[in-house]
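Report on one structure; see the data block that follows.
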Amino acid sequence: MTIAEYNQAVELYADGLYRFVLQSLSDKEGSRDIVQESFEKLWVRRKEVDGAKCKSYLFTTAHHTLIDRLRKGKRETITERGRLPEPTIEQGYSDLKEILNEAVEKLPEIQRSVVLLRDYEGYSYQEIGEITGLTESQVKVYIYRARLFLKAYIGQIDSVI
């Protein structure tokens with residue numbers, strides 16, 4: 001990968017990568033850190049990464065970094081508080097996007113990642129498999145289970161509005 005290809009990758013993929021990480025992490029500063037770290041890793045390995053595959057490399061790197069950070073955060077939360085907080089459903093929402101974001105946050109990390117990559121970023125099942133290290137069948141199963149959960153969580157639109 002040349003320096004020009006690297007600069008082009010920053011221009012083309014930084015926003016999408018940030019949105020992907022932010023949807024999973026819900027922390028602006030942490031999301032920026034992960035995006036920065038992903039581009040830093042790309043820079044260090046620029047001679048080994050093909051310019052045509054840098055998008056997959058960036059999303060894969062961000063995905064793995066995100067999982068590492070979430071796992072570390074869960075360990076710290078468990079040791080600090082003794083247990084994870086119980087999820088609660090707030091009543092009285094009228095904003096569907098807010099409800100959907102809350103539902104997505106409650107998904108297990110792998111399901112959240114594949115749903116975000118598929119529905120928010122528009123990746124194919126095969127591309128998601130390459131990014132996450134899953135088979136195409138596993139990706140489909142995780143997306144199916146996530147959508148079932150989201151449908152059950154959100155319920156009927158009439159009861160939400």
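Some points to look at:
- The lysines within cross-link reach of K47, meaning a Cα-to-Cα straight distance under 22 Å and a gap of 8 or more places when in the same chain, are K55.
- For K53, the lysines whose Cα falls under 17 Å of its own Cα, not counting residues fewer than eight places away in the same chain, are K41.
- Taking label positions 7 Å along the Cα-Cβ direction at both W43 and A4, the computed distance is 2.1 nm, reported to one decimal.
- Taking F20, F149, F39 and counting other C-beta atoms within 10 Å, the order from fewest to most: F149, F39, F20
- Bridgeable aspartates and glutamates around K72 (alpha carbons under 20 Å apart, same-chain partners fewer than 8 residues away excluded): D27, E29, D33, E37, E80, E86, E105, E109.
- Residues V141 and K53, FRET efficiency given R0 of 30 Å [Cβ-Cβ distance, rounded to 0.05]: 0.70
Only the coordinates and a few stated rules stand behind these numbers; no lab work does. Note that this is a predicted model, so its numbers are computed, not measured. No Cβ is skipped: glycine too gets one built from the backbone with ideal geometry, and neighbour counts run over all protein chains shown.
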